[in-house]
Amino acid sequence: MNQPFEHPRTCLAGAPARRIRGARKRAPVVVVGGGQSGLAAARALRAARIPSVILEASSRPTGSWPGYYDSLRLFSPAAFSSLTGMPFPADPGRYPARDEVADYLRRYAGNRGAKIEPDTRAQTIRQEGSRFVVHTADRRALRESGIVAASGSFSNPDRPHSQAKRTSAASSCTSPSTATRRHTSAGG
């Protein structure tokens, strides 16, 4: 699946690119991450007729959902959990489960015609003039016109370092020293 990247002749699969006469061909915008944010960003780019490609580190565009615990449910009911253009297929008042969300994201990606490169991890991004160069884990260098960072933090969570082992969740949550930290880990 990791073939050399070529600039697509379409904005996203199935949608012909529109060119203004005399304009140079626009390089795609790279969307790093194929979860909810990445899929929504690719859809917005498509609506604006800007070519894009999603680089997804995993084998499918589901974000981190498949890796969460089995009993996880959305924090909002299905009525408020849809991405643009595709209602969430559940009772509007029900809170969808982890696997339902992952399945919805897979279907959303397929129905939107997004150009997705699965199993493609962006390692570094550098700006060179008016372009960005995305270096991938498989040693490719993609020269693009823009970047959308939608990779999330769940594959590499930020866990604060503890000076001493905490013996209880209560001490972690009530310690004044944790009030200014970005994250608090209960139990240390």
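Points to keep in mind about this one:
- Close pairs from segment 85-108: first under 22 Å from Arg46 (Cβ atoms) and in contact (Cβ under 8 Å) with a residue 60 or more places away in the chain, partner hydroxyl-bearing (Ser, Thr, Tyr) and not in a helix (DSSP H, G or I), Cβ under 7 Å, at least 6 apart: Leu105/Thr62
- Residue check, Leu142 at pLDDT below 95, touching a Phe, Trp or Tyr at 6+ places or on another chain (Cβ under 9 Å) and more than 22 Å from Arg43 (Cβ to Cβ): no
- Of the residues making up segment 118-156, just one is among the aromatic types (Phe, Trp, Tyr) and in a strand (DSSP E or B), namely Phe132.
- A single member of Pro89, Pro66, Pro28, Pro96 is over 26 Å from Asp119 (Cα atoms) and in contact with an Asp or Glu (Cβ under 9 Å, 6 or more places away or on another chain), and it is Pro89.
- Residue check for Ala97: surrounded by 19 or more Cβ atoms within 10 Å (Cβ to Cβ), farther than 15 Å from Val29 by Cα, out of contact with any Gly (no Cβ under 7 Å at 6 or more places or on another chain) and modelled with pLDDT of 95 or more: no
- Subset of segment 46-84 [outside any loop (DSSP other than H, G, I, E, B), over 14 Å from the mean Cα position of the chain (by Cα), in contact (Cβ under 8 Å) with a residue 24 or more places away in the chain and surrounded by 15 or more Cβ atoms within 10 Å (Cβ to Cβ)]: Arg46
- Test: residue in segment 109-117 that is under 17 Å from the mean Cα position of the chain (by Cα), modelled with pLDDT of 90 or more, surrounded by 15 or more Cβ atoms within 10 Å (Cβ to Cβ) and in a helix (DSSP H, G or I): yes
The values are calculated or read from the model by the stated rules, or taken from the named source; none is laboratory data. Model, not experiment: these values are computed from the prediction. Quick reminder, even Gly has a Cβ in these numbers, built from the backbone with ideal geometry, and neighbours come from all protein chains shown.
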